[in-house]
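This report refers to the structure that appears directly beneath it.
Quick note: the coordinates plus some simple rules give every number you see, no bench work behind them. These numbers come from a predicted model, not from an experiment. Quick reminder, even Gly has a Cβ in these numbers, built from the backbone with ideal geometry, and neighbours come from all protein chains shown.
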Amino acid sequence: MRIAVITGASMGLGREFARQIPKCYRSLDEIWLIARNTDKLEEVKQELTSVNGVYCRLYNSDLLQDEVYNHLQRDMEALKPDIRILVNAAGFGKNASVMATDVKILTDMIQLNCQALTRLTSQCIPFMSGGSRIVNLASAAAFAPQPGAAVYAATKAYVLNYSRALGKELAENGIFVTAVCPGPVDTNFFDTAGTLKIPAKQKLMAKPEQVVRKALLDVRRRRSISIYGAAMKGAKLAVRLSPDRVTDWVMNRMNNKEYNVR
Ligand SMILES: NC(=O)c1ccc[n+]([C@@H]2O[C@H](COP(=O)([O-])OP(=O)(O)OC[C@H]3O[C@@H](n4cnc5c(N)ncnc54)[C@H](OP(=O)(O)O)[C@@H]3O)[C@@H](O)[C@H]2O)c1
């Protein structure tokens, strides 16, 4: 049984991956969708079933709890699926200074963005085979430290570096890993993170359809990183060419409207 596994599938980028994957992977038997919001997952299931005729297995679960991993493990051992693609899209951020953010939010962010992604990936790899893909949602925030989103940017730096190294480890098994690093994308992400106060960042807002289309193209090309848009590619290059103290100064100047702390 050939399957795709997608976290964060109820909304935003995860939901868009669920929409576009059946067009690239025509021989999938099932798509396994993971998120907490049952109604939204059901909507995605209905859409995929009617448009693509793909059977969706729903895991309406919290990735911060153990149950979902146990449930998935039981299903994987019973059904022995061939996971063709795993998309780790569940994640959240917060546009606020560390001291203005409840420590529980910061630690949940680390747990979801890093620990859950790592745990699910390790659980899925034994059920992958040559040509399988792992897609991890990092962010352009991974390119440099971000005052005003310090923990979020650090979690995404983890995702980016973990993905690049894992890709090297798995290459000999024919499994390819892509870290997706978009700038701002027009999703519900900002309902939790807080709206962007910097007009320049709002102008760069991309559509989820475009980001996911580019990501799946890069996945097919076995690229280790997928960056949507010239501005974000430029940002990555600028960080690479600049001394750390210059990057830190620029990031602080750019972001201090976001966190309003002197
Ligand atoms: N939007 C952006 O500007 C942007 C830019 C760069 C990178 N990213 C990254 O892209 C990924 C997707 O973000 P998005 O823009 O699609 O945000 P979104 O629209 O808020 O979607 C986040 C998804 O994560 C799921 N989720 C959140 N907490 C969860 C939990 N504890 N357990 C299980 N699922 C959980 C949500 O589903 P439920 O609420 O139903 O659980 C939802 O499906 C994230 O990793 C984000 O960091 C986003």
Q: Could you tell me which of Gln46, Leu33, Ser122 has its Cα farthest along the dipole of segment 27-155 towards the positive end, charges placed at Cβ (Lys, Arg +1; Asp, Glu -1), taken about the Cα centre?
A: Ser122
Q.
What lysines does Lys45 reach when the alpha-carbon gap must be under 17 Å and sequence neighbours fewer than 8 apart in one chain are set aside?
A. Lys23
**Q.** Gaussian network model of the chain, Cα within-10 Å springs - most flexible of Leu170, Leu63, Leu160
**A.** Leu170
Q. Each residue of segment 187-204 in order: what ³J(HN,Hα) in whole Hz does its phi give by Karplus 6.51 cos²θ - 1.76 cosθ + 1.60, θ = phi - 60°, with x for Gly and Pro?
A. 9, 6, 3, 6, 5, 8, 6, x, 5, 6, 9, 9, x, 4, 5, 5, 5, 7
Q. What FRET efficiency comes out for the pair Ser50/Ala171, r = Cβ-Cβ distance, R0 = 45 Å, nearest 0.05?
A. 0.75
Q) Which far-off residues, 5 or more places away or on another chain, put their amide H under 5 Å from the one on Tyr55, with H placed in the peptide plane? A) Ile31
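Please state the relative contact order of segment 2-259 as a whole percent: Cα pairs under 8 Å, 6+ residues apart?
Details: 462 pairs, mean separation 48.5, N = 258.
Averaging sequence separation for qualifying contacts and normalising by length gives 19 percent for segment 2-259.
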Q.
Taking R0 as 51 Å, what FRET efficiency do you get between Asp191 and Ser27 from their Cβ-Cβ distance, rounded to the nearest 0.05?
A. 0.90
Q) In deg cm²/dmol, rounded to 500, what helix-only [θ] at 222 nm does the chain give when every DSSP H run of at least 4 residues adds -39500 (n - 2.57) and the total is split over its residues? A) -15000 deg cm²/dmol
Q | Projected label distance in nm at Glu209 and Gln111, using a 7 Å step from Cα toward the beta-carbon | A | 3.7 nm
Q.
Run the Debye formula on the Cα coordinates of segment 106-262, all scatterers equal and no solvent, and tell me log10 I(q)/I(0) at q = 0.10, 0.15, 0.20 1/Å.
A. -0.38, -0.84, -1.41
Q. Distance in nm between label sites at Arg245 and Lys80, each 7 Å beyond Cα in the beta-carbon direction?
A. 6.1 nm
Q: State, to one decimal in nm, how far the label point of Asp39 lies from the label point of Ala238, with both points 7 Å from Cα in the Cβ direction.
A: 4.1 nm
Q.
Restricting to Cα atoms and excluding each atom paired with itself, what does the Kirkwood estimate give for segment 29-149 in Å?
A. 16.2 Å
Q. By how many nm would the segment from Arg119 to Ala200 grow when fully extended, if each residue of separation counts as 0.36 nm and the alpha-carbon distance is taken off?
A. 25.6 nm
Q) So what's the gap between the Cα centers of segment 97-163 and segment 199-231, to the nearest angstrom? A) 18 Å
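If you average 1/r over all unlike Cα pairs in segment 2-259 and invert the result, what Kirkwood radius do you get in angstrom? It would help to have the intermediate numbers written out before the result.
Values: mean 1/r = 0.0538 Å⁻¹.
Answer for segment 2-259: a Kirkwood hydrodynamic radius of 18.6 Å.
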